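The values are calculated or read from the model by the stated rules, or taken from the named source; none is laboratory data. Predicted model only: the values in this text are computed from it and were never measured. Heads up, the Cβs are rebuilt from the backbone with ideal geometry, glycines too, and the neighbour counts pull from every protein chain shown.
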Amino acid sequence: MLIQCGAMPLTLAVIYVMASFRFPVDYLTVAVVQGLLAALVTWKLALAGWWRAIQLLFPLAVLAALALQLPSWLFGAAFLLLLGWYWSTFRTQVPYYPSGPAVWDAVRQLLPADRAPRVIDIGSGLGGFVLYLSRVRPDAAVEGIELAPLPFLYSWLRAKLAGGRARFRLGDYEKLDFSRYDLVFAYLSPAAMPGLWRKAAAEMRPGAMLASYEFIVPERSPDRTVHATEEDVPLYIWYF
């Protein structure tokens, strides 16, 4: 939004020049110019490529919404829905990444069979991994922690309906004590991995494992790599 606001004075200047030379100017022209300038600013700031597309299309989307004469409450409802789903993604840079049953089973095979392990899924999303693991290893204490309210609520309700030992909590995994767990499972994003590694290296006890699907830790090579899916996306393991 700041980029769109910053591009607006440039848009007004370009439109003024166009009008001075008697070029036809309408709302569609303004939206196209605004989108192009916002995308240019995004490119100059070296943001991710998909942000350029968003900035380019945003003014056109606003124009289309005005033309459709949609009720104002609909935008508020959409905002609240997205807020509940993504919450502080702007800070954590961890969007919703779902893993799948093949990955869950690969993690299951890492767990010791001779004792009841404690497992935490950080950024548990809709709770699929936690519910699966609590079902196939009923002796294990399996938890999920999720920062976004709506995914947490959905997973919490699933756990209540399913019964079993699966537990979910609403919060930030950075406030957890990793020393309580035998295995920490993460499917986050490249931006989160350096901080995750610092926390794991400082807190995880000897014999524990950190498992990260797809995203690697820059500071240390994994001790083991498992290819659990047909897409050949690795599951990285670090032992402590």
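Values for this structure:
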read-out: Selected residue [surrounded by 14 or more Cβ atoms within 10 Å (Cβ to Cβ) and farther than 23 Å from TYR97 by Cβ] from ARG165, ARG158; value: ARG165
read-out: Unmet requirement for TYR173, which otherwise passes all of (1) surrounded by fewer than 19 Cβ atoms within 10 Å (Cβ to Cβ); (2) of a type outside the set (Gly, Ala, Ser); (3) over 19 Å from ALA116 (Cα atoms); value: (1)
read-out: Matching option when the condition is surrounded by 13 or more Cβ atoms within 10 Å (Cβ to Cβ) and either in contact with a Cys (Cβ under 6 Å, 6 or more places away or on another chain) or not assigned by TED's automatic domain parsing to the domain that holds PHE215 (or both), among ALA7, ALA65; value: ALA7
read-out: PHE58, sole failed condition from (1) touching a Leu at 6+ places or on another chain (Cβ under 9 Å); (2) surrounded by 16 or more Cβ atoms within 10 Å (Cβ to Cβ); value: (1)
read-out: Meets criteria (more than 22 Å from the chain's Cα centre (by Cα) and closer than 30 Å to VAL184 by Cα) for SER134; value: yes
read-out: Residue, farthest from the chain's Cα centre (by Cα), within region 180-229, restricted to residues that are of a type in the set (Asp, Glu) and exposed (fewer than 15 other Cβ atoms within 10 Å of the Cβ); value: ASP223
read-out: Criterion violated by TRP50 - all others in (1) under 16 Å from the mean Cα position of the chain (by Cα); (2) outside any loop (DSSP other than H, G, I, E, B); (3) not assigned by TED's automatic domain parsing to the domain that holds ALA7 satisfied; value: (3)
read-out: Residue match in region 190-208 (condition: under 21 Å from SER134 (Cα atoms), touching a helix residue (DSSP H, G or I) at 6+ places or on another chain (Cβ under 7 Å) and free of Cβ contacts under 8 Å to residues at least 60 places away in the same chain); value: no
